[in-house]
Structures are given as structure tokens and as C-alpha cells.
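The numbers here are math on the coordinates, done by the rules we state, and not lab data. Remember, predicted model here, so these are calculated numbers, not experimental data. Using ideal geometry, Cβ is built from the backbone for each residue, glycine included, and neighbour counts are taken over all protein chains shown.
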């Protein structure tokens with residue numbers, strides 16, 4: 001990714017669940033479209049490789065293949081896109097147990113090179129939010145799902161309030 005304009009995002013939240021439980025949910029990448037709004041699907045093609053499909057502005061699709069490059073069960077997963085994917089992306093998610101092991105600090109860190117005209121700016125993803133705010137909102141959706149077992153509907157007062165609070169950050 002050297003020499004090209006990169007976007008780097010780091011977001012953190014504390015979730016009232018054990019690190020092992022959060023890791024196991026995240027490690028099954030096919031679960032991620034539940035919490036990442038623009039993600040259409042993830043298909044695990046092997047124990048280390050997966051195919052990702054996301055929506056972009058104008059109902060376009062962006063597809064890429066990723067490979068897990070480092071993994072410590074219950075603690076961390078790191079990945080990068082495979083060569084020739086047409087979308088350069090690398091990152092990690094860390095699960096650090098808080099004292100007592102009942103809650104976990106989750107840190108999602110990644111960088112990518114925005115493909116021209118597809119993804120990379122708030123305008124291109126069809127949202128008024130910047131990419132870091134979108135990622136933070138998705139971490140909050142992950143928190144909500146893991147702590148309650150369900151995602152709030154934006155039609156419900158709690159979901160609408162949480163959406164407004166997330167935008168205000």
C-alpha cells in the first residue's frame with residue numbers, strides 16, 4: 001500500500017461479553033454482514049481465505065478476496081486483501097479482556113486505498129457520515145448484538161436514539 005493515498009481508521013469500544021465469545025463471532029466472517037451495513041456477504045473459501053461483497057453508492061458492488069495473515073484465538077485476527085483483488089485493504093481486530101474477564105475492549109484498525117469512484121469517501125458510500133463514524137457505528141451495532149442478542153431497528157425509539165447519538169460523536 002506504499003505510495004498511494006490511504007485511509008486509516010482505528011475505532012474502539014468496550015463490550016460486556018468475554019473476549020473468546022466476541023472473537024468466535026467475528027472469526028466466522030459470514031456473521032459480519034449482520035453488523036456492517038454496507039457488507040452484502042462474506043463467503044469463507046478456506047480456513048484462512050474469504051470472498052467479500054459490499055455495496056457502494058449508486059447500488060454498485062465492490063468485491064475482493066482476503067486472507068488471514070495472523071491469528072491468536074480469543075485475542076486477535078489480522079488480514080489483508082489477496083493480490084489481484086482490485087481493492088487494497090489490511091487490518092486487524094483485537095479483543096482485550098478487561099479485569100474480571102466479563103467485558104472486552106475491541107479495537108478495529110485497518111487501512112485501505114479507496115478504489116476510484118467506488119468507496120472511500122462519505123459521499124461515495126452514499127452517506128453523510130465520514131468513514132470513521134461509519135466504522136464506530138458498526139462497532140456499536142456489534143456491541144448491541146453481542147450484549148442483547150438483537151440489533152435495534154431504526155424504527156424503534158432506542159435504535160433511532162442510538163443512531164442520533166452515534167452521528168453526534
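When 32, 139 are sorted by how many other C-beta atoms sit within 10 angstrom of their C-beta, beginning with the fewest, the order is 32, 139. Counting neighbouring beta carbons within 10 Å and listing from fewest to most, the residues 102, 85 come out as 102, 85.
Calculated on the alpha-carbon coordinates, the convex hull of the stretch 72-114 measures out at 63 cubic angstrom per residue. Residue exposure proxy: 51, 89, ordered by other Cβ atoms within 10 angstrom of their Cβ from fewest to most, comes out as 51, 89. Each of residue 16 and residue 43 was given a label point 7 Å from its Cα along the Cα-to-Cβ line. The distance between the two points is 3.9 nm.
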